[in-house]
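Below is one structure, written out as structure tokens, with a few remarks after it.
The values are calculated or read from the model by the stated rules, or taken from the named source; none is laboratory data. All values derive from a computational prediction rather than experimental measurement. We place every Cβ from the backbone using ideal geometry, glycine too, and count neighbours over all the protein chains shown. To get the accessible areas, we keep the full protein, side chains included, count just its heavy atoms, and leave off ligands, DNA and RNA. Shrake-Rupley method; radii C 1.70, N 1.55, O 1.52, S 1.80 Å.
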Amino acid sequence: AMAEGERAAEPLAEISHYVVARPIYSEAGFQEENERRPPLPPTLRERAQAACRCSRKRAFQITKSFLPILEWLPNYRVKEWLISDIISGVSTGLVATLQGLAYALLVAVPVGYGLYSAFFPILTYFFLGTSRHISVGPFPVVSLMVGSVVLSMAPDDNFLIDSSNATGANVTGTLIDTESRDAQRVLIASTLTFLVGILQVIFGVLQIGFIVRYLADPLIGGFTTAAAFQVFVSQLKIVLNVSTKNYNGVLSIIYTLIEIFENIGTTNIADLIAGLITIVICMVVKEINDRFKHKIPVPIPIEVIVTIVATGISYAADFEKKYNAGIVKSIPSGFLPPEPPDVSLFSQMIAASFSIGIVAYAIAVSVGKVYATKYDYAIDGNQEFIAFGISNIFSGAFSCFVATTALSRTAVQESTGGKTQVAGIISAGIVLIAIVALGKLLEPLQKSVLAAVVIANLKGMFMQVFDVPRLWRQNRVDAVIWVFTCVASIILGLDLGLLAGLLFGLLTVVLRVQFPSWGGFGNIPGTDIYKKVKDYKNVIEPEGVKILKFSSPIFYANIDGLKSSLKSTVGFDAVKVYNKRLKALRKIQKLIKKGKLKATKNGIISEPGVNNEAFETDEEPEDNHDLQVPTKEVEIQVDWNSELPVKVNIPKVPIHSLILDFGAVTFLDIVAVRSIKTIIREFERIDVRVYFTSYQDNLISQLERSAFFDDTVRKDIFFLTVHDAVLYIRNQMTYSENQDPIFEKISLMQESKQPIEFTETSRPDDELDVQEEVCTLELNVSITYIVLLASSLYL
């Protein structure tokens, strides 16, 4: 058994290791060996030819993309799908009828117009939509957004009339001309719907369906939860039958709540009881539908049942006359003739229409993608924009309000067996029957029952609150986005709240890019793996080498973060080191001129008897007096990490190489390119070579276009991996150690009467940034700091 176990483990041992033998690749060497072929972008003419090319196949594809019904209808399985679609369509149609009536209350228009909004949008989406399962029609969040625009543009105060002029009025004071008010509100809602449709079509034609990607799930969750709260408050006053003013804008929901509780003493008990009973029954039955959905073939249409029973009770008990209950009163039968929108109102609602169009589209596409993934087909985001845009333009002409999809209604359509939009068109047929024949039968229905149906359907959105603790554990930034968007939408209103949440979400992205993660990396011994030094005990930094990984695109906003991370990783500021070295050299030259030091081929030594005087303080003023003594120049080595004969605090530089791991850098802007080139020069002035590794190919192309490479910055400092660079550096260090010492190559220079000049150089825009240090001085010596010093007393 032991032998069998050992034999079984042998293949695993072979698989768990691998050995690779290849050259050390720099970018230049890799390109040369593998014959890099730079991508050639197509010319404008080639692009125009490709766009204008036409064939029968392409024409048919374009037609199918615009009319998706041509894609799925020819493949419709009549025997398998038709019965399921009929059952689903009838169930969804009953729910859509009741929700249409209820959601009309949110838009502040007569409830009959909710039936139109549940009917017309389906007709066009049937031909143009790419989702096979969503139920098109009103949605509470979008309806409330439309209603806020309607109430702001047509408040009750604009339609007050003297009661003495009202026919049959027995009271004095002012009354509201409800007929004129409702007509104006219907016109505003339909005009807004028309404008939203135009914007959606424009977005679709311009192929900017990607815009919905900026509405992240936490943002949508917080926004819809806040919208659910606003819907709840707006329906609460209908359940209580309490009259309040129509508030809009910042803190409107707070003002409405305050007024509801101030007037709660006028609550109509009949409406309250009917509403509470409806809410309890609907929520209990919905919970039963959800828990036993696998055992119940068709969900119980509780909204329909409750509405029919409530209508019958209200009619039999005559709640309106006995208890002054608020009822629907009148639902027009048949259809109204199409009317053009009031174009003069466009300027007042353009901002709101933009946010409504985006939210309506985002909700529809989000729900559609869930079912598209479940049933393995694709949703075309741009075509959805066009489909909903044309649907809203069409329905806006028939006095409808903005259409999207409702989560609960779509769930009914899918759970009852709906396979395609045939179920949707059948549901439209059920709504049509209600419009033509059943409208009068629903006139005794209490409005509080409809409001209760709306509230009962908000349960799913309120349950999103429980996502916050989960988000906090998984990603605290997403949790903060959720809470911020929710609070902002409640306080500022839905339109401004959505904008605030969107901007806040984008701000978190900018901040995460501006302050990315970074760290010093080291090597796992015996491997080519490099990990953070702080995270692993066995990680070892290569001797004399620092490795920095910067995990973000580099651009103008975070370039200071890159410089700061460099200082933290290497332990010193390259500019300060350079300036301190220059200061030390100037003091050494001054001491040599005074005779307190002399320079030899073995270094700098003090004159006997004056060695203590040679240590001048760092604050001693400069002495520009030229002694005019004959000098000879010698080439010497300055060891900057040893103690110098001047009191200048020069930071130690314990490294000779710096490796920047750019594996997570996706792009560089021109500021980053210039700054990186500056960083290279800053470090090379103090004998530290800079290398780049793990970069993406597009960065090399970008650097080439930005004129990054020249005689001093070449592609041979770019390596494919960190390990390539480390091995290259080791080879270079080994080669340098095998050479003759520099002191053996000292040569006397020609005599000169002038001391070595330290010239001050100006800094062009693309040169070094000395970072508020003293003015940068450059020695007329080698970049490797083999310094030429003047000796006034030598010989």
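Can you name every residue in region 423-440 that is in contact with a helix residue (DSSP H, G or I) (Cβ under 7 Å, 6 or more places away or on another chain) and open to solvent by 20 Å² or more (accessible area, probe 1.4 Å)? Explain how you work it out, then say what you get.
First, pick out the residues of region 423-440 that are in contact with a helix residue (DSSP H, G or I) (Cβ under 7 Å, 6 or more places away or on another chain): 423-431, 434-435, 439.
Once the filter is applied, which keeps residues that are in contact with a helix residue (DSSP H, G or I) (Cβ under 7 Å, 6 or more places away or on another chain) and open to solvent by 20 Å² or more (accessible area, probe 1.4 Å), region 423-440 yields 425, 426, 429, 430.
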Please determine whether any residue of region 131-140 is open to solvent by less than 10 Å² (accessible area, probe 1.4 Å), modelled with pLDDT under 90, farther than 11 Å from residue 402 by Cα and part of a helix (DSSP H, G or I). no
Of all residues in region 338-357, which are open to solvent by less than 90 Å² (accessible area, probe 1.4 Å) and not in a helix (DSSP H, G or I)? 338, 341, 342
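What about residue 491, is it in contact (Cβ under 8 Å) with a residue 60 or more places away in the chain and farther than 19 Å from residue 657 by Cβ?
On the way: in contact (Cβ under 8 Å) with a residue 60 or more places away in the chain: yes; farther than 19 Å from residue 657 by Cβ: yes.
Taking the combined requirement at face value, the residue satisfies it.
I need the full set of residues from region 210-223 which are open to solvent by 10 Å² or more (accessible area, probe 1.4 Å) and in a helix (DSSP H, G or I), in order please. Break it down into steps so the answer makes sense when it comes.
Going residue by residue through region 210-223, those that are open to solvent by 10 Å² or more (accessible area, probe 1.4 Å) are 210-218, 220.
Residues satisfying the conditions are 210, 211, 212, 213, 214, 217, 218, 220.
Return yes when residue 549 is touching a residue at least 40 places away in the same chain (Cβ under 8 Å) and more than 30 Å from residue 489 (Cβ to Cβ) and no when it is not. Quick ask: steps written out before the conclusion?
Values: touching a residue at least 40 places away in the same chain (Cβ under 8 Å): yes; more than 30 Å from residue 489 (Cβ to Cβ): yes.
Considered against the rule, which asks whether it is touching a residue at least 40 places away in the same chain (Cβ under 8 Å) and more than 30 Å from residue 489 (Cβ to Cβ), residue 549 comes out as yes.
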Could you tell me whether region 98-109 includes any residue that is buried (at least 24 other Cβ atoms within 10 Å of the Cβ), within 32 Å of the chain's Cα centre (by Cα), at pLDDT 90 or above and in a helix (DSSP H, G or I)? yes
In region 693-726, residues that are crowded, with 16+ Cβ neighbours inside 10 Å and either of a type outside the set (S, T, N, Q) or over 37 Å from the mean Cα position of the chain (by Cα) (or both) total 17
First in region 677-693 and within 17 Å of residue 722 (Cβ to Cβ), second anywhere and of a type in the set (Gly, Ala, Ser), Cβ under 6 Å, 6 or more apart: 689/657; 691/725; 693/725
What number goes with the only condition from (1) open to solvent by 60 Å² or more (accessible area, probe 1.4 Å); (2) within 15 Å of residue 495 (Cβ to Cβ); (3) in contact with a strand residue (DSSP E or B) (Cβ under 7 Å, 6 or more places away or on another chain) that residue 360 does not pass? (1)
Looking at region 361-375, is at least one residue farther than 30 Å from residue 417 by Cβ, over 26 Å from the mean Cα position of the chain (by Cα) and assigned to a helix (DSSP H, G or I)? no
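Can you pull out the residues in region 688-739 that are in a helix (DSSP H, G or I) and of a type in the set (Asp, Glu)? First the steps, then the outcome.
Start the filter on region 688-739 by keeping residues that are in a helix (DSSP H, G or I), which leaves 697-705, 715-717, 722-737.
Across region 688-739, the qualifying residues are 697, 704, 716, 724, 737.
With open to solvent by 30 Å² or more (accessible area, probe 1.4 Å) and not in a helix (DSSP H, G or I) as the only criterion, which of 296, 313 stands out? Spell out the reasoning first.
Details: 313 fails: not in a helix (DSSP H, G or I).
Exactly one residue qualifies, and that residue is 296.
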Spot the failing condition for residue 400; the list is (1) open to solvent by 10 Å² or more (accessible area, probe 1.4 Å); (2) farther than 28 Å from residue 377 by Cα; (3) touching a helix residue (DSSP H, G or I) at 6+ places or on another chain (Cβ under 9 Å); (4) touching a residue at least 60 places away in the same chain (Cβ under 8 Å), and only one is missed. (1)
Could we say that residue 714 is in contact (Cβ under 8 Å) with a residue 12 or more places away in the chain, in contact with a strand residue (DSSP E or B) (Cβ under 6 Å, 6 or more places away or on another chain) and at negative phi here? no
What is the one condition in (1) of a type outside the set (Phe, Trp, Tyr); (2) open to solvent by 20 Å² or more (accessible area, probe 1.4 Å); (3) touching a strand residue (DSSP E or B) at 6+ places or on another chain (Cβ under 6 Å); (4) within 22 Å of residue 446 (Cα to Cα) that residue 118 does not satisfy? (2)
Is it true that residue 93 is at pLDDT 85 or above, touching a Pro at 6+ places or on another chain (Cβ under 9 Å) and open to solvent by less than 100 Å² (accessible area, probe 1.4 Å)? no
Out of (1) surrounded by 14 or more Cβ atoms within 10 Å (Cβ to Cβ); (2) touching a Ser or Thr at 6+ places or on another chain (Cβ under 8 Å), what's the single condition that is false for residue 198? (2)
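Could you tell me which of the residues 186, 280 is part of a helix (DSSP H, G or I) and open to solvent by 50 Å² or more (accessible area, probe 1.4 Å)? Show your work before the answer.
Numbers: 186 fails: open to solvent by 50 Å² or more (accessible area, probe 1.4 Å).
On inspection, the qualifying residue turns out to be 280.
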Evaluation of residue 367 against (1) open to solvent by less than 10 Å² (accessible area, probe 1.4 Å); (2) in contact with a Ser or Thr (Cβ under 6 Å, 6 or more places away or on another chain) (one fails), failing number: (1)
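How about region 316-337: which of its residues are in a loop (DSSP other than H, G, I, E, B), open to solvent by less than 50 Å² (accessible area, probe 1.4 Å) and either among the small types (Gly, Ala, Ser) or in contact with a Ser or Thr (Cβ under 6 Å, 6 or more places away or on another chain) (or both)?
Filtering region 316-337 for residues in a loop (DSSP other than H, G, I, E, B) gives 318, 324-326, 328-337.
Within this subset, residues satisfying the condition of being open to solvent by less than 50 Å² (accessible area, probe 1.4 Å) are 325-326, 328, 331, 334.
Once the filter is applied, which keeps residues that are in a loop (DSSP other than H, G, I, E, B), open to solvent by less than 50 Å² (accessible area, probe 1.4 Å) and either among the small types (Gly, Ala, Ser) or in contact with a Ser or Thr (Cβ under 6 Å, 6 or more places away or on another chain) (or both), region 316-337 yields 325, 326, 334.
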The condition of being open to solvent by less than 30 Å² (accessible area, probe 1.4 Å) and within 36 Å of the chain's Cα centre (by Cα) holds, among 489, 408, 448, only for 489
Among (1) loosely packed, with under 14 Cβ neighbours inside 10 Å; (2) at pLDDT 90 or above, which single condition is residue 178 missing? (2)
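When only residues in region 411-422 that are touching a His at 6+ places or on another chain (Cβ under 7 Å) and more than 25 Å from residue 331 (Cβ to Cβ) count, which is surrounded by the fewest Cβ atoms within 10 Å (Cβ to Cβ)?
Residues of region 411-422 that are touching a His at 6+ places or on another chain (Cβ under 7 Å), as a first pass: 413-414, 418.
Remaining after also requiring more than 25 Å from residue 331 (Cβ to Cβ): 414, 418.
On the way: 414: 22, 418: 29.
The residue in question is 414.
Can you list the helices (runs of 4 or more DSSP H) found entirely within region 459-564 that contain at least 2 residues being polar (S, T, N, Q) and either out of contact with any Leu (no Cβ under 6 Å at 6 or more places or on another chain) or more than 22 Å from residue 227 (Cβ to Cβ) (or both)?
Values: elements: 459-462, 467-474, 476-492, 494-514.
Filter on region 459-564 gives 494-514.
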Those residues of region 727-754 which are closer than 23 Å to residue 522 by Cβ, at pLDDT below 90 and surrounded by 12 or more Cβ atoms within 10 Å (Cβ to Cβ), in sequence order: 732, 733
Counting only residues that are open to solvent by 30 Å² or more (accessible area, probe 1.4 Å) and assigned to a helix (DSSP H, G or I), how many does region 251-274 have? 12
Count of region 513-549 residues which are at pLDDT below 90 and crowded, with 20+ Cβ neighbours inside 10 Å: 1
